[in-house]
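The structure appears below as structure tokens.
The values are calculated or read from the model by the stated rules, or taken from the named source; none is laboratory data. Small disclaimer: the values here were computed from a predicted structure and weren't measured. Note that each Cβ is placed from the backbone with ideal geometry, even for glycine, and that neighbours are counted across all protein chains shown.
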């Protein structure tokens, strides 16, 4: 089974779901690949990828693609523990421009969300002097250099070590459906159906602690 992953939020549930599937099906092999939404959809339609995990697109997907929502997440501004931004009595986007940022790559939904959030306040977004697409690298820059960044609210709250914290500034319009995209034609293989169920179970196990909306387990 080949699982395509998109940045943000998937680390919250994907490792637990894959491990559960491998324990249940010892003969199944799982390959995890990353890419852009557009490239992964093309691989999904050509059967080079079996399922995509990550942020679902608000616009209608191709007719041959079925999207299954697992939960709703939103973006948040994050900083490392002890960052001066966390001590602001009334943090605002304008005040946060005083610090360096690591921003998403152009053309991504996260980059569009960041731009719109600042434009709603009549502000220019942070300059893109440092850009990263990898959540792991973004977090590394945040923790090691003190840059501010956008991250999954649910994933930040669920991080065991708590090295990063959310700057309490509202980011309206950044809510996203996180879930799975699969081919909409034909019956899924039994192990793929079980993978979907394990993803839903992983979400249910993790998200009560961070109070993020989650629906019932999906069925194909």
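See the values below:
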{"read-out": "Filter pass, residue 82 being closer than 21 Å to residue 149 by Cα and assigned by TED's automatic domain parsing to the domain that holds residue 194", "value": "no"}
{"read-out": "Lone unmet requirement of (1) at pLDDT 95 or above; (2) surrounded by fewer than 13 Cβ atoms within 10 Å (Cβ to Cβ); (3) in a helix (DSSP H, G or I) for residue 85", "value": "(2)"}
{"read-out": "Test set (1) touching a strand residue (DSSP E or B) at 6+ places or on another chain (Cβ under 9 Å); (2) assigned by TED's automatic domain parsing to the domain that holds residue 11; (3) at pLDDT 95 or above - residue 183 fails condition number", "value": "(3)"}
{"read-out": "Criterion: surrounded by fewer than 20 Cβ atoms within 10 Å (Cβ to Cβ), outside the structural domain of residue 6 (by TED's automatic domain parsing), over 22 Å from the mean Cα position of the chain (by Cα) and at pLDDT below 95 - qualifying residue of 94, 115, 120", "value": "120"}
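Each row is one residue, and each column tells you yes or no for (1) assigned to a loop (DSSP other than H, G, I, E, B); (2) in contact with a strand residue (DSSP E or B) (Cβ under 6 Å, 6 or more places away or on another chain); (3) loosely packed, with under 14 Cβ neighbours inside 10 Å; (4) in the same structural domain as residue 64 (by TED's automatic domain parsing).
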residue	(1), (2), (3), (4)
106	yes, no, yes, no
126	yes, yes, no, no
157	no, no, no, no
171	yes, yes, no, no
